[in-house]
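The next block holds one structure in the form of structure tokens; read it before the comments.
The values are calculated or read from the model by the stated rules, or taken from the named source; none is laboratory data. What you see is a predicted model; the values in this text were computed from it and never measured. Here Cβ is always computed from backbone atoms with ideal geometry, including for glycine, and neighbour counts include all displayed protein chains. Surface areas here come from the heavy atoms of the whole protein model, side chains and all, with no ligands, DNA or RNA. Shrake-Rupley method; radii C 1.70, N 1.55, O 1.52, S 1.80 Å.
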Amino acid sequence: MRVAWDGQELLVSKKEGVFYVFIPVSPEFSKSSGILEITEKNLFRKSESKKYEIPISKTSFATTKVSHLTMDKQYTSASLPEETMAFIRECSEAKAKAFQTKTDLQISSDFDYPVSNPVLNSPFYKRRIYNKEKGKPHGGVDFKGGIGEPIRAINDGTVVLARPMHYEGNFTVIDHGSEIYSLYMHQSELSVKSGDKVKKGDLIGKIGSTGMSTGPHLHLGLRVHGTMLDPLSVIQTDLLKEKKTPSR
């Protein structure tokens, strides 16, 4: 089976006879609908392709609210020492390599919160002003927390990156398969390493304020087929099975 969304082919996973495809819709998607094309491949007859026009409803993100933040100039200046620039390039290459992994869907249940007391500090796509200069909209959600509080995997997967980074601080990326990645930034400690298999709820690190951060918190990101999405869109949605109340 081949599935394409608005011309982009998506990775299809099959588990227990069911096909799974995750379709990302960016906040920048400006059209009122998108085209979903499904092609069924068959060994004994010609492949059949069907197209469906899917209406898209706009979401009102917190773009009208602006955070004015004062940051160390090493995170906002265009002129930095070559040693710092070399480290930034190294970090970018490490991220690009991590996001090249293509695995089948590794999850078997719905996504969960990464912290035991989920209180939002900053929502997805909120506008940011850094040192009086306009920055990119917030690419994830921030959860309040004190330094050292546990961070847990939001679902099953494989760790594809776990290391210090310039902007993200101590940074972990988990591949959940089907080009779905969860991102955990600014940690005080890393509890996993690249290649580790994790289950939903496993300890992966601790809350901190490393990298481009103004105080202790967890920045959680969600990347699906190269598009950054609101992590709450999967955490607060029943996707695979009925949610269970966390015991911890």
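Things worth noting here:
- DSSP bridge analysis restricted to the chain gives an antiparallel fraction near 95%, rounded to the nearest 5.
- Charge-dipole axis of region 2-55 as Lys and Arg at +1 and Asp and Glu at -1 on Cβ define it, positive-most pick from 32, 22, 49: 49
- Placing a label point 7 Å from the Cα of residue 80 along the Cα-to-Cβ line, the residues of region 148-186 whose backbone N sits under 11 Å from it are 165-169.
- Ranked from largest to smallest solvent-accessible area, with a 1.4 Å probe on the protein heavy atoms, 220, 203 come out as 203, 220.
- Sequence ranges 104-116, 10-22, ranked by mean other-Cβ count within 10 angstrom, highest first: 104-116, 10-22
- Converting phi to 3J(HN,Hα) with the Karplus coefficients 6.51, -1.76 and 1.60 and the offset θ = phi - 60°, region 207-215 yields 4, x, 9, 8, x, 7, 9, 9, x Hz in sequence order, with x at every glycine or proline.
- Max mean-square fluctuation residue, GNM over the chain, Cα-Cα springs under 10 Å, options 122, 188, 32: 32
- Relative packing of 229-238, 88-97, which averages over residues the other C-beta atoms within 10 Å, highest first: 229-238, 88-97
- Simple spin-label estimate for residue 3 and residue 227 gives 1.3 nm between the two label positions (7 Å along the Cα-to-Cβ direction from each Cα).
- Only protein atoms count toward the accessible area here, which uses a 1.4 Å probe; on the chain, the carbon and sulfur part of that area reaches 50 percent.
- The overall shape of region 63-236 is prolate: from the C-alpha gyration tensor, with semi-axes ordered a ≥ b ≥ c, the ratio a/c is 1.5 or greater and a/b exceeds b/c.
- Within the shell of other residues whose beta carbon sits under 11 angstrom from the beta carbon of residue 56, the net charge comes to 0, with Lys and Arg scored +1 and Asp and Glu -1.
- Between residue 205 and 151, 191, the built amide H atoms are under 5 Å apart, and every one of these is 5 or more places off in sequence or on another chain.
- Protein heavy-atom accessible surface, 1.4 Å probe, per residue over the chain: 56 Å².
- Inter-label distance, residue 23 to residue 121: 3.6 nm, where each label sits 7 Å from its Cα along the C-beta direction.
- Charge context of residue 42, other residues only, Cβ under 14 angstrom, K/R +1, D/E -1: +3
- Note on residue 163 and residue 214: their simple-model spin labels are 3.0 nm apart, each label 7 Å out from Cα toward Cβ.
- Principal-axis analysis of the Cα atoms of the chain puts helix 82-98 at an angle of about 20° to the longest axis.
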